[in-house]
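Student: Attaching a single structure in structure tokens format; questions to follow.
Computed from the coordinates by the stated procedures, all read-outs in this text should not be read as laboratory data. Predicted model, so just to flag it, every value in this text is computed and none were measured. Counting neighbours? That spans all protein chains shown, and the Cβs are built from the backbone with ideal geometry, glycine included.
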Amino acid sequence: MPESATPLGHPARQTSEAELVRRVRDGEHDLFYELIRPYERRVYSAAFAILRNTADAEDAAQEAILKAFKHIRQFREEARFSTWLIQIAVNEARMRRRKDHADLMEPIADRPDESGVYTPRDFADWREIPSEALERKEIREKLAEALASLGEIYREVFVLRDMQHLSIEETAETLEISTASAKTRLLRARLMLRDLLAPGLGGPWMSRLSFEKGAKPW
Amino acid sequence: MVVNCEQVWHEVSDYLDGEVGVELRAAMDEHLRACKGCSSLLAGMRNVVSLYGDERMVEAPLGFSYRLQRRLEENSHPTRRTFFGWAVAAAATVLVAGSFEAARSYGLGRTPRSAHAQAGNHVPPDLMVLVYPEGKTFHAAGCPFILDKKNLRPVAAQEAQREGYVPCVRCMKQYLS
């Protein structure tokens with residue numbers, strides 16, 4: 001079982017994390033992996049949410065973890081280590097994305113359009129998707145596809161706040177935007193995902209979302 | 001204070017995060033009790049947040065930890081790095097050359113040890129897997145199919161494939177399609 005990556009860890013765990021940070025700083029480099037192990041998947045998934053490509057995400061995640069290792073002296077102890085690590089990963093992934101798309105125009109979906117009036121697409125009863133459904137790989141993939149279909153500015157905020165469990169202030173700081181902007185984007189991201197998944201489990205979104213050519217609706 | 005549907009749509013995310021003031025919260029509670037549409041919107045958003053926030057949504061590819069540890073090892077011992085780097089590069093050259101050779105004769109390697117098994121797709125070449133001499137498949141550590149096996153040998157996936165091993169249907173499922 002993977003260790004819990006929740007911020008509200010057991011006190012003993014927090015102590016041992018602070019202790020690990022100190023020992024790595026003091027030169028026990030071999031302990032660094034022990035320190036980041038509980039968060040390595042989160043680092044990957046943060047990079048993946050931004051780059052949307054497994055190979056690029058793995059490379060960015062590795063690079064981010066190496067940077068954390070090289071700059072561990074810059075880590076301020078009053079911050080959460082996991083948040084610091086995720087912030088490095090997000091910066092690394094965003095930098096790569098900028099490099100790769102420097103010559104491309106910003107997609108329409110990513111243009112700031114935060115003032116538009118929103119009307120829910122499907123206003124009927126919500127059909128609950130139970131958390132047990134996440135045991136199924138195809139459900140996890142479909143959820144990931146729905147997320148990938150959001151514009152960049154919405155996806156980033158949603159991933160940091162709702163998947164990486166950063167606070168709204170930490171999210172805003174990481175993305176270098178105001179707290180108010182972060183809140184507005186989060187609202188829009190949550191609403192868009194809610195609309196996409198509104199028909200419930202087994203609803204049309206299960207096939208509609210597929211980007212594969214020629215995917216059949218049955 | 002009274003709120004309408006549009007105001008609820010605007011505040012629902014903050015409401016969910018407990019970030020609205022007492023007065024607004026009370027007004028929204030009142031509205032949500034009476035408005036089916038808005039309460040469905042809130043239910044949906046709550047469901048979305050809880051699904052995506054689940055630990056199971058956070059996945060990394062098989063072999064990610066291994067490759068990360070190896071990269072960290074290379075970087076945390078700068079004095080050894082040069083030699084290690086050369087050794088890895090040399091080994092990789094041999095492996096790559098070998099795999100080209102094998103690829104010419106038969107797909108991924110030698111004839112598979114099992115006539116019924118499928119060859120794997122996109123198996124990371126340096127993924128460390130386990131094989132045993134009389135077996136036909138390669139496995140991830142901890143796979144229940146190899147718990148009672150003796151003489152398990154760790155080997156890079158690429159090498160295992162060259163030796164004719166194919167991915168285990170249980171623990172290497174994602175490479176079989």
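Student: Taking every pair of alpha-carbon atoms in the stretch A:11-100, what share in percent sits in each 5 Å bin, from 0 to the bin with the longest distance?
Tutor: Per 5 Å bin, starting at 0, the Cα pair percentages come out as 3, 15, 26, 23, 16, 10, 6, 1, 0.
Student: Pull up all non-local amide H partners of B:Gly164: gap of 5 or more, or a different chain, and H-to-H distance under 5 Å with H placed in the peptide plane.
Tutor: B:Arg110
Student: Follow-up. Obtain the nm distance between the two label points defined at A:Asp26 and A:Glu173 by a simple spin-label model: each point lies 7 Å from its Cα along the Cα-to-C-beta direction.
Tutor: Each label point is offset 7 Å from its Cα along the Cβ direction, giving 2.7 nm.
Student: List the residues, sorted by chain then number, that are 5 or more residues from A:Arg52 or on another chain and whose placed amide H is less than 5 Å from its amide H.
Tutor: Residues meeting the criterion, in which the H sits 1.01 Å from N, do not exist here.
Student: In nm, to one decimal, how far is the A:Thr54 label point from the A:Ala180 one, both placed 7 Å along Cα→Cβ?
Tutor: Modelled inter-label distance: 4.3 nm.
Student: A further question follows. Once label points are set 7 Å from the Cα along Cα→Cβ at both A:Arg98 and B:Asn121, what is their separation, rounded to one decimal in nm?
Tutor: 3.7
Student: Could I ask something else about it? Can you tell me which lysines have their Cα less than 30 Å from the Cα of A:Lys67? Leave out same-chain residues fewer than eight positions away.
Tutor: Here the lysines satisfying the reach criterion relative to A:Lys67 are A:Lys99, A:Lys183.
Student: If I take R0 = 25 Å and measure r between the Cβ atoms of B:Tyr66 and B:Arg170 in this structure, what FRET efficiency does the formula 1/(1 + (r/R0)^6) give, to the nearest 0.05?
Tutor: Once rounded, the FRET efficiency stands at 0.85.
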